[in-house]
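These notes concern the structure reproduced below.
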Amino acid sequence: MANKGASFVAGAARSLGNKMKLPETITMSEVQKMCPFVHNTAAKEVVTSRNVGTLSRMCPVMAHNQETVVVEDTKAPEETRKCPFHEVREEPEVKTGVCPVSGATATSGPPMSTPKAGQTDPLVSDHQPTIRTQSFSAIYENNFQKAIDALHQEGRYRTFANLRRHRGNFPNATFKAAGAQDTDFEVKMFCSNDYLGMGQNQVVLDACHEALNEAGTGAGGTRNIGGTTRYHVELEAELADLHQKEASLVCSSCFVANEAALSLFGKLLDNPVIISDAANHASMIEGIRHGKCEKRIFQHDDMEDLERILQEIGPDRPKVVAFESVYSMSGTIGSLKEICALSKKYNAYTFCDEVHAVGMYGERGAGVLEREGLLGECDVISGTLGKAFGVFGGYIAGSKQFVDCVRSFAPGFIFTTAVPPVVAAGALAAVRHLKGSQVERQLQQLRAKQLKALLTAQGLPVMENPSHIVPVTVGDPVKCKALTDALLFKHQIYLQPINYPTVPRGTERIRITPGPLHSEQDLVRLGKAIAEEWQLLELPQVDTSVATAAMVQVADLYEAQVWAEEAQ
């Protein structure tokens, strides 16, 4: 839009009595015809959209005008004249030789003064005034509104639930509905990523209170400028130990951690290729894009496709295989052993996102890689502090050299304020606790197995997976939102609809995350509510024969066994 035109701007229109309605848009040729000031200048043939703004401030009328006129450059490049903003504006009616503001004619305007020695001729000034009119602002806002309206029409507009959590009473919360205070009501949360309830764990709360009393609230700066405290240093040492790596680095989120780390490969390696699983998280995709190197995408967890790509690249060219352990929207777990073996075979560096696995799997909660005995086979691991650890932030763990490169070269880390000391202290306590406690993990896994069998027995299309996540396919964004609304307002159960772009269109779903703080009665209540609303919405059901057998299996899992292990 920079070549579109220029503005007649300035002072107060009160001196003119604001009697004349100013046209919003005129063309360059019309300026030369209608404006008496330009008409009386000997240099009117050199008036262009580049200098008309400067010229307007010399005009005795326009110099005191508050409104804005956009002067359109009819000689603008073809791509500029094709601008959608240009096409929607109406051409105004103009009168030749009449000033659009004062009504003055060509005979009444003053002549243009000649510049004095040393002065710049205003007609050839390089000044390019900014275009701002009420109509332009409306065009911008209208385009924004159209985008939001399209989301509403597709049924995938996202509404944030206003929840007030109560310490010591999770997963219960108060839902604050829009409107009067008496519309608030209690709900049971079933979609929190605080998988193990560590955000309510007294060990974590005590650590946060201690750090708050000692260090205050914010970090006060980036890690390089005053933002590093003993809590950050101790947390990074604990995370490196957790993943059996030389070093780790805490970031403001795992999105930042993934973006910062993956973007460096393209900057620090010589002509590398990043090979990415097709189902990788958006943060990994952004990091790969920002690396500005070649990328190849293999079909989700398809080892034949991965090896084909590795063979095509060859063993000598630098390459990184990026993948996840637990895929959060489907609950599937990647073929980590096979990926690591193929990567080693073809001399590839490995990067594994364990965001939905840290704290949840392995003897000490280091994730699926630990459970499978593969910690030493993967080069870089990323994780989060905001899910199973119940706090906030993200991190990477790897070799001392790689972590130092992220610390030294990644803008996403360098220019971001450090996580507050109170957050680092809480995360440190959570990591240490889950290194030694199995009870939270075991009970969560039990609840996930029970709920999957219960929902499948109701004929609901639970997506089969071996993880702690329970996704149920709806396949329609409007009905998905209707389902979660009914669960909320009729049954006081909070679930969030999952739709595009989080998942592909046509695969909309509800994503349930039962935890150790949910009771068996909570699961039964949830299952009945979903089944009831599922039928009312006439959503498709599945055969229950397999689920019935699974239900018998789950019934053999005795909850007391989990608690007995804690007592030992």
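The values are calculated or read from the model by the stated rules, or taken from the named source; none is laboratory data. Remember, it's a predicted structure, so these values are computed and weren't measured experimentally. Cβ atoms come from the backbone with ideal geometry, glycine included; neighbour counts cover every protein chain shown. Side chains are part of the model used for accessible areas, which takes the heavy atoms of the whole protein and leaves out ligands, DNA and RNA. Shrake-Rupley method; radii C 1.70, N 1.55, O 1.52, S 1.80 Å.
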- Item | Residue in segment 157-168 that is crowded, with 18+ Cβ neighbours inside 10 Å, assigned to a loop (DSSP other than H, G, I, E, B) and in contact with a Phe, Trp or Tyr (Cβ under 9 Å, 6 or more places away or on another chain) present | no
- Query: From ALA278, ALA247, which residue is aliphatic (A, V, I, L, M), closer than 27 Å to PRO318 by Cβ and loosely packed, with under 15 Cβ neighbours inside 10 Å?
  - Reply: ALA278
- Message: For segment 354-374, check the following and say yes or no: at least one residue is buried (at least 24 other Cβ atoms within 10 Å of the Cβ), among the charged types (D, E, K, R) and part of a strand (DSSP E or B).
- Response: no
- Listed residues ARG441, ARG447; which is buried (at least 17 other Cβ atoms within 10 Å of the Cβ), of a type outside the set (A, V, I, L, M, F, W, C) and touching a His at 6+ places or on another chain (Cβ under 6 Å)? ARG447
- Query: Mind checking which pairs have a first residue in segment 221-240 that is without any contact (Cβ under 8 Å) to a residue 12 or more places away in the chain and a second that is of a type in the set (Gly, Ala, Ser) and surrounded by fewer than 18 Cβ atoms within 10 Å (Cβ to Cβ), Cβ under 8 Å, 6 or more apart or different chains?
  - Reply: GLY226/GLY220
- Give segment 295-323 a look and list any residue that's open to solvent by less than 20 Å² (accessible area, probe 1.4 Å) and touching a helix residue (DSSP H, G or I) at 6+ places or on another chain (Cβ under 7 Å), or say none. PHE298, LEU306, LEU310, LYS319, VAL320, VAL321, ALA322, PHE323
- Query: Taking the stated definitions as given, is ASP241 closer than 23 Å to GLY359 by Cβ and open to solvent by 70 Å² or more (accessible area, probe 1.4 Å)?
  - Reply: yes
- Item | Every residue from segment 477-491 that is out of contact with any helix residue (DSSP H, G or I) (no Cβ under 9 Å at 6 or more places or on another chain) and open to solvent by 50 Å² or more (accessible area, probe 1.4 Å) | LYS479, LYS481, ASP485, PHE489
- Message: Could you go through segment 188-198 and let me know if any residue there is open to solvent by 60 Å² or more (accessible area, probe 1.4 Å) and not basic (Lys, Arg).
- Response: no
- So, of the residues in segment 208-238 that are polar (S, T, N, Q) and exposed (fewer than 13 other Cβ atoms within 10 Å of the Cβ), which turns out to be farthest from the chain's Cα centre (by Cα)? ASN213
- Looking only at segment 311-343, which residues are part of a helix (DSSP H, G or I) and more than 16 Å from ILE381 (Cβ to Cβ)? GLN311, GLU312, ILE313, GLU338, ALA341, LEU342
- Message: Looking at the structure I just gave you, is LYS267 in contact with a Gly (Cβ under 9 Å, 6 or more places away or on another chain) and part of a loop (DSSP other than H, G, I, E, B)?
- Response: no
- Item | Of the criteria (1) open to solvent by less than 30 Å² (accessible area, probe 1.4 Å); (2) farther than 30 Å from PHE265 by Cα, which one LYS452 fails | (1)
- Query: Just one of the numbered conditions (1) assigned to a helix (DSSP H, G or I); (2) under 27 Å from ALA161 (Cα atoms) is not true of ARG505; which one?
  - Reply: (1)
- Item | Yes/no for GLU286 being among the acidic types (Asp, Glu) and either open to solvent by less than 10 Å² (accessible area, probe 1.4 Å) or under 24 Å from the mean Cα position of the chain (by Cα) (or both) | yes
- Exactly one of ALA425, ALA448, ALA457, ALA429 is touching a strand residue (DSSP E or B) at 6+ places or on another chain (Cβ under 9 Å), aliphatic (A, V, I, L, M) and in contact (Cβ under 8 Å) with a residue 40 or more places away in the chain, and that one is ALA448
